[in-house]
1. How many residues are in contact with a helix residue (DSSP H, G or I) (Cβ under 9 Å, 6 or more places away or on another chain) and either open to solvent by 30 Å² or more (accessible area, probe 1.4 Å) or small (Gly, Ala, Ser) (or both) if we restrict to segment 271-280?
2. Looking at (1) within 23 Å of Ser147 (Cβ to Cβ); (2) of a type outside the set (A, V, I, L, M); (3) out of contact with any strand residue (DSSP E or B) (no Cβ under 8 Å at 6 or more places or on another chain), which is the only condition Tyr196 fails?
3. Would you kindly identify the helices (runs of 4 or more DSSP H) lying entirely within segment 170-225 that contain at least 1 residues that are among the basic types (Lys, Arg)?
4. Being open to solvent by 70 Å² or more (accessible area, probe 1.4 Å) and among the aliphatic types (A, V, I, L, M) is the filter here, so list the residues in segment 206-226 that pass it.
5. Could you look through segment 308-337, keep only residues that are among the β-branched types (Val, Ile, Thr) and assigned to a helix (DSSP H, G or I), and pick out the one that is least open to solvent (accessible area, probe 1.4 Å)?
6. Six or more apart or on different chains, Cβ atoms under 9 Å: show the pairs whose first residue is in segment 191-205 and in contact (Cβ under 8 Å) with a residue 40 or more places away in the chain and surrounded by 16 or more Cβ atoms within 10 Å (Cβ to Cβ) and whose second is part of a loop (DSSP other than H, G, I, E, B) and acidic (Asp, Glu).
7. Only one of Gly169, Gly128 is touching a Lys or Arg at 6+ places or on another chain (Cβ under 8 Å) and either of a type in the set (Gly, Ala, Ser) or under 30 Å from Cys207 (Cβ atoms) (or both). Can you tell me which?
8. Condition check: small (Gly, Ala, Ser) and within 18 Å of the chain's Cα centre (by Cα). Does Ala283 satisfy that?
Amino acid sequence: MKLLMKVWTTLWTIALSTLIVQQAAGASEQVGVRQVAAPSKDRGITLDVTVWYPARSGGKSVTLGENVFFAGTPAMRDAPISEGKFPLILLSHGAGLAGNAQALSWLAVPLAEQGFIVAAPTHPGNAGANRSAAETMKLWLRPGDISETLNAMEKETYFKEQLDYDEVGTLGLSMGGSTALAIAGARIDPKRLAGYCDTDALNASLCEWVRQSGVDLHAMDLRTAGRDNEDKRIRFAMAIDPAPVDVFDFKTFPRISIPVVLVNLGQPGKIPLTADSSEIAKAIPTATYSKIADASHYSMFAECKPGASEIAESEKVSDPICMDGGGRTRSQIHTQLINMVVAAFTHALKINR
């Protein structure tokens, strides 16, 4: 997240959203995709939820998550769902360039291929033409988006026979990672959140955008920011480069009781300070921690199209959005991340099935 915010003001003018859905050749016939509506009491709106699922032949070929910089991922719109019972993964995206659900199709489609149903709300205000610093910084509302998504999935007749409601986990990347931690039981410290942008030490790019937007975190209504967002229906949480971790009340981490897997992208010293979860992993009794040393925070993006770096440079995007940690391609890093996520959720949700 720290690394993404400077990209926003340029990107939205040349790619109104990181989401483009279009006709796609060679779409995976094993994965279907549907849109689900999830009413949100907190936000007073209906959330748009993307659901990927194991599918039989049929549906309409589409590409998800494509824009001028990044390649999309194929799936089959409204394909018939496969027979069987499937665990549910509630997926939370980050802010900025990957600030909508379908930007994570590169990860969601392989998960559906491996026998999971994946449901991801688009958190309001995080990217695109409707981006809003004020809405983005209401971090305490994001876990509610995940819980409302679960509520909606429990009512969806399309998935009623195939969804295993007793096997539910959550997965988050960047700001979505901090959302996963909050769902697991960590609480935001309102004072830490209010002071997050008092200096640029924690997240210079994000805080520059917040200030340019005229948002004063101290003036925000933070009366409910420290509330308990734990959802006891969720049995497992995984967070990849969770950010910002600096706004949590650290003493709430030891209270987390469900299994948690934390992953950082990069070598020590190159992991963004606001995403470094090594100390958090020590505080959570049920947590395991690992790193992918030759990855970077940008490795959570989809694969770059040819010429994307040059386009970014011409548009004065200073961040190297197509650069990983060196040594391997983004495709190879994605393969490792997908394998890690599949293994973690298989162990947590399917091992006893």
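The values are calculated or read from the model by the stated rules, or taken from the named source; none is laboratory data. The structure presented is a predicted model; accordingly, all values stated were derived computationally and were not measured. Note that each Cβ is placed from the backbone with ideal geometry, even for glycine, and that neighbours are counted across all protein chains shown. For accessibility, only protein heavy atoms count, side chains too; no ligands or nucleic acids. Shrake-Rupley method; radii C 1.70, N 1.55, O 1.52, S 1.80 Å.
1. 5
2. Condition (1) is where Tyr196 drops out.
3. Ranges flagged: 190-194, 204-212.
4. Residue satisfying the conditions is Ala219 alone.
5. Ile333
6. The qualifying pairs are Arg192/Asp249; Ser205/Asp319.
7. Among Gly169, Gly128, only Gly169 is touching a Lys or Arg at 6+ places or on another chain (Cβ under 8 Å) and either of a type in the set (Gly, Ala, Ser) or under 30 Å from Cys207 (Cβ atoms) (or both).
8. Numbers: small (Gly, Ala, Ser): yes; within 18 Å of the chain's Cα centre (by Cα): no.
Judged against the criteria, Ala283 is not a match.
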